[in-house]
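Only the coordinates and a few stated rules stand behind these numbers; no lab work does. Note that the structure is predicted; figures quoted are calculated from it, not measured. When we count neighbours, we look across all protein chains shown, and the Cβ atoms used for this are built from the backbone with ideal geometry, even at glycine.
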Amino acid sequence: MKRSLLILPLAALLPLTACSPKDTADSEPQFAAAESNTAAKETATSETPTTTSSKAEEAPAPTTKTVTATAKPEQPAPDTPQAQSKGSCSVDALQQANTSMSNMTVIDCDGSWAYVGQRNTDWLTWAYWDGQKWKSEPHIGTTLTGMGGPCYDVEGMKARGLSDAMAVDAQACD
């Protein structure tokens, strides 16, 4: 009686295993990535028995070699801020470069350099993205050509990634 009770649940599971595919990675692609990540975390073990001679008195005991390898996923340091290659060109993001400028407008921005100004004024300035935040580009003097105003090391800015198209707007010193 006990044997028939044990066989009954096993007999009920047999049709389910017969219908399931042998390789779930091929039949269920949405789980393939999860299975491959799990496989990288598992420990791989291989055992290779070796024997030498057939003589009983000279035959050493068979040896078994066990090789264990564990893969660990790379993770960034917990307190390291992630550097971004391009910054946001929104007014709110650029406001951090010049907090005293109110009513700011973005004249030109490519994510690495930004040319901003205060609306209805002649106050114009440059900002650059340092990988984590926008910083104001310091002017190196005052130009006397035209209206006069701050001038910049345009060649130095171009060497740090300012495009030629944007450099047209940068005022070089006399």
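Would you confirm whether or not region 138-155 contains a residue that is surrounded by fewer than 18 Cβ atoms within 10 Å (Cβ to Cβ) and touching a residue at least 40 places away in the same chain (Cβ under 8 Å)? The answer is no, given that none of the residues of region 138-155 is surrounded by fewer than 18 Cβ atoms within 10 Å (Cβ to Cβ) and touching a residue at least 40 places away in the same chain (Cβ under 8 Å). Scan region 162-171 and give yes if some residue there is of a type in the set (Asp, Glu) and touching a residue at least 40 places away in the same chain (Cβ under 8 Å), otherwise no. So far as region 162-171 goes, yes, one or more of its residues are of a type in the set (Asp, Glu) and touching a residue at least 40 places away in the same chain (Cβ under 8 Å).
Candidates 93, 97: the one that is surrounded by 12 or more Cβ atoms within 10 Å (Cβ to Cβ), among the aliphatic types (A, V, I, L, M), in contact (Cβ under 8 Å) with a residue 40 or more places away in the chain and over 16 Å from residue 170 (Cα atoms) is 93. Taking the criterion of being of a type in the set (Gly, Ala, Ser), on the phi > 0 side of the Ramachandran plot and touching a Gly at 6+ places or on another chain (Cβ under 9 Å), would at least one residue in region 151-171 satisfy it? Scanning region 151-171 turns up no residue that is of a type in the set (Gly, Ala, Ser), on the phi > 0 side of the Ramachandran plot and touching a Gly at 6+ places or on another chain (Cβ under 9 Å).
Where the second residue is part of a strand (DSSP E or B) and of a type in the set (Val, Ile, Thr) and the first is more than 20 Å from residue 172 (Cα to Cα) and lies in region 115-136, which pairs have Cβ atoms under 6 Å and are six or more apart or on separate chains? Taking only residues 6 or more apart or on different chains, the pairs are 119/105. Residues that are out of contact with any helix residue (DSSP H, G or I) (no Cβ under 7 Å at 6 or more places or on another chain) and among the aliphatic types (A, V, I, L, M) within region 112-156 comprise 124, 140, 144, 147, listed in sequence order. Taken together, the residues in region 161-171 that are out of contact with any strand residue (DSSP E or B) (no Cβ under 6 Å at 6 or more places or on another chain) and surrounded by 12 or more Cβ atoms within 10 Å (Cβ to Cβ) amount to 3.
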